[in-house]
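Visitor: The structure that follows is given in the form of C-alpha cells.
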Amino acid sequence: MKTLTEFASVHLTRGLTLVTELTTAGKPPEEQQAALTETFKFEGDKLKHFTQALITIKEKSAQIKRVVVLTLSEGEAAPQGATQLEGHAYLAEYFPAPFNPNEKKADNRNERGGRDGKKGGKRGGGRGSRDDKRSSGKPAGTGKPAQTS
C-alpha cells in the first residue's frame with residue numbers, strides 16, 4: 001500500500017459546495033471539472049483523485065478531516081472503511097463527534113455515584129460528637145490514667 005496524495009477538509013468542503021452549486025445551476029460534468037481546475041489548480045491525476053474523493057464523502061461530509069488516496073499492491077486488501085474506485089482506495093478520516101453535555105448517557109445510573117441506581121450511600125461514620133462519648137455510660141475522667149496504690 002502506497003499513499004499517492006491526500007486532500008484536507010478545507011479543500012474538500014469548498015469542492016463539495018462548488019460542485020453542489022454547479023449541479024443545481026444545471027452545469028454539465030465537463031464544466032464542473034473546468035471550474036474545479038480553475039479554483040484549485042488541480043490537473044491530470046490529481047484532479048481525477050479529487051473528484052473521486054468528493055464522490056466518496058458526498059453523503060457524510062460534516063465531520064471530514066481528510067481523504068487519503070492509496071494505491072494497493074497486487075493481492076493486497078484495502079484498509080477497513082476505504083472505498084475502492086478505479087483501482088485506488090480512498091480512505092476518509094473524520095473528526096470525532098463533538099461532546100454534547102445534554103445527551104443522556106447509555107447507562108441508567110443516576111448522575112451521582114452509588115450502585116444499582118441508588119444515589120450513593122452514607123459515608124463512613126466519624127469519631128462521633130462529644131455528647132455521644134459522654135452519654136456512653138462510662139464515667140467522665142480527667143483524661144489522665146488512674147493511679148493505683
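Readers should treat all values here as calculations from the given coordinates under stated rules, not as data from a laboratory. Keep in mind that what you see is a predicted model, and the values were worked out from it rather than measured. All Cβ positions, glycine included, derive from the backbone under ideal geometry; neighbour counts span all protein chains shown.
Visitor: Tell me, what HN-Hα J-couplings in whole Hz come from the Karplus equation 6.51 cos²θ - 1.76 cosθ + 1.60 at θ = phi - 60° for each residue of segment 83-93, using x for Gly and Pro?
Guide: Working through the residues one at a time gives 9, 9, 9, 6, x, 10, 9, 10, 9, 8, 10 Hz.
Visitor: Now for a different question. Under the rule a/c < 1.5 gives rounded, and otherwise a/b versus b/c splits prolate from oblate, where does segment 2-94 land using the Cα gyration tensor?
Guide: Judged from the Cα gyration tensor, segment 2-94 comes out prolate (a/c at least 1.5, a/b above b/c).
Visitor: Further question on the same structure: Which distance in nm do the two modelled labels at Leu85 and Thr5 give, with both placed 7 Å along the Cα-to-Cβ direction?
Guide: With each label point 7 Å from Cα toward Cβ, the separation is 1.3 nm.
Visitor: Would you mind checking which residues have amide H under 5 Å from Leu85's amide H? H placed 1.01 Å from N; only 5 or more apart, or other chain.
Guide: Excluding prolines and chain starts, which carry no amide H, the hits are Tyr90.
Visitor: Could you run the Karplus curve 6.51 cos²θ - 1.76 cosθ + 1.60 with θ = phi - 60° over segment 63-70 and give me ³J(HN,Hα) per residue in whole Hz, x for Gly and Pro?
Guide: Each residue's phi maps through the Karplus curve to give 9, 5, 9, 6, 10, 9, 9, 10 Hz.
Visitor: With θ taken as phi - 60° and the coefficients 6.51, -1.76 and 1.60, list the Karplus ³J(HN,Hα) couplings across segment 46-57 in order, rounded to whole Hz; mark glycine and proline as x.
Guide: Once rounded to whole Hz, the list reads 4, 5, 4, 5, 5, 5, 5, 5, 5, 5, 4, 9.
Visitor: Can you list the residues, at least 5 places off or on another chain, whose amide H is less than 5 Å from the amide H of Tyr94, using H built in the peptide plane?
Guide: Counting only residues 5 or more places away or on other chains, the set is Lys65.
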